[in-house]
Amino acid sequence: MSDQSKRDVFRSVARCPNVALCLETDSLHPCRDIVQFQGVTSGEDFQVPEPWIGQIDIAPILFVASNPSIGKDDHSKGRATDDAIWDAHQFAFGGGSRQYIVGGTKTTSADGAVLKNVAYWSSVRARARELIPEREVVPGADYALTEIVHCKTTREFGVGAAAQTCAKMHLERVLSVAAACLVVVLGVVARRALLPDLIRSNGIVDKVVGGRQRTVVALPHPNERGSLKSFHGNYGPSDIADLRARLAI
């Protein structure tokens, strides 16, 4: 896929037309609650839907969860240029105009100051380390992250209503950009979208997603209470060895 095609997919999510519908006119739209959660009335002030973070076109592991959390992401507001939004997401972990995320886990301000550790990013990095134990994991290159619902919220507010609409519009196109041979679905929302026949919180399935044959493996979401989150807590040594062999990195 050409760089322009990747950016076209990226832009179709980041500039999703449903945002304007829900901010301006459509009171019955399934995305209304999650869009209006940000409490703004202007698309320029809205933190745009997050297509993915990390170099999804080269990363062999793709983590898929329910939705991104909202933060102080001034670089991702609607008033930002397409190039700035691309830089902040595609190169969130490094390689862009500045370091947006340090060590795969910490947010930064525009001047580079480290702000806080994000527990979800820490958990994802730990899962990647289980699959690549022989060397230091490189966030953004060894793994990228995306979601079923791309608008930002907290505690999955509005996600249930928006999930089907968002997935229908964007999921296959986003996955078509992904180089990942291994897709890790985290939590119920992602599992329902990508592994609808899997009742348990874990399981390994080979299937075509985003136009390519891939291994899709399920884990509980890092925020899920009362369950083991790791690969070692959900799969036996032979399964983990098989997943590592499939990565071949």
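The values are calculated or read from the model by the stated rules, or taken from the named source; none is laboratory data. As the structure is a prediction and not an experimental result, all values here were calculated from the model. Ideal geometry is used to build each Cβ from the backbone, glycine not excepted, and the neighbour counts take in all protein chains shown.
Side notes on the structure shown:
- So L21, is it closer than 17 Å to F93 by Cα and outside any loop (DSSP other than H, G, I, E, B): no
- If you go through region 231-249 and keep only what is more than 22 Å from the chain's Cα centre (by Cα) and either within 17 Å of G187 (Cα to Cα) or in a helix (DSSP H, G or I) (or both), you end up with H232, G233, Y235, P237, S238, D239, I240, A241, D242, A245.
- Meets criteria (in a loop (DSSP other than H, G, I, E, B), of a type in the set (F, W, Y) and buried (at least 19 other Cβ atoms within 10 Å of the Cβ)) for F93: yes
- Leading residue by the ranking (nearest to the chain's Cα centre (by Cα)) among those in region 157-174 that are more than 18 Å from Q36 (Cβ to Cβ) and in contact (Cβ under 8 Å) with a residue 60 or more places away in the chain: V174
- Qualifying positions in region 140-164 - in contact with a helix residue (DSSP H, G or I) (Cβ under 7 Å, 6 or more places away or on another chain), surrounded by fewer than 19 Cβ atoms within 10 Å (Cβ to Cβ) and part of a helix (DSSP H, G or I): A161
- Selection status of V64, β-branched (V, I, T), part of a helix (DSSP H, G or I) and touching a residue at least 60 places away in the same chain (Cβ under 8 Å): no
- Picking from residues in region 190-230 that are part of a helix (DSSP H, G or I) and in contact with a strand residue (DSSP E or B) (Cβ under 7 Å, 6 or more places away or on another chain), the one that is farthest from K168 (Cα to Cα) is R191.
- Filter result for V118 (within 23 Å of V183 (Cα to Cα), hydrophobic (A, V, I, L, M, F, W, C) and within 16 Å of the chain's Cα centre (by Cα)): yes
- Top-ranked residue of region 102-131 - restricted to ones that are out of contact with any helix residue (DSSP H, G or I) (no Cβ under 7 Å at 6 or more places or on another chain), among the β-branched types (V, I, T) and touching a residue at least 12 places away in the same chain (Cβ under 8 Å), ranked as nearest to E44 (Cα to Cα): T107
- Any pair with Cβ under 6 angstrom, 6 or more apart, that starts in region 1-26 at a residue that is of a type in the set (S, T, N, Q) and ends at one that is modelled with pLDDT of 95 or more: N18/C31
- Cβ-Cβ contacts under 8 Å between residues 6 or more apart (or on different chains), taken from a first residue in region 175-203 that is free of Cβ contacts under 8 Å to residues at least 24 places away in the same chain to a second residue that is outside any strand (DSSP E or B) and surrounded by fewer than 16 Cβ atoms within 10 Å (Cβ to Cβ), are absent.
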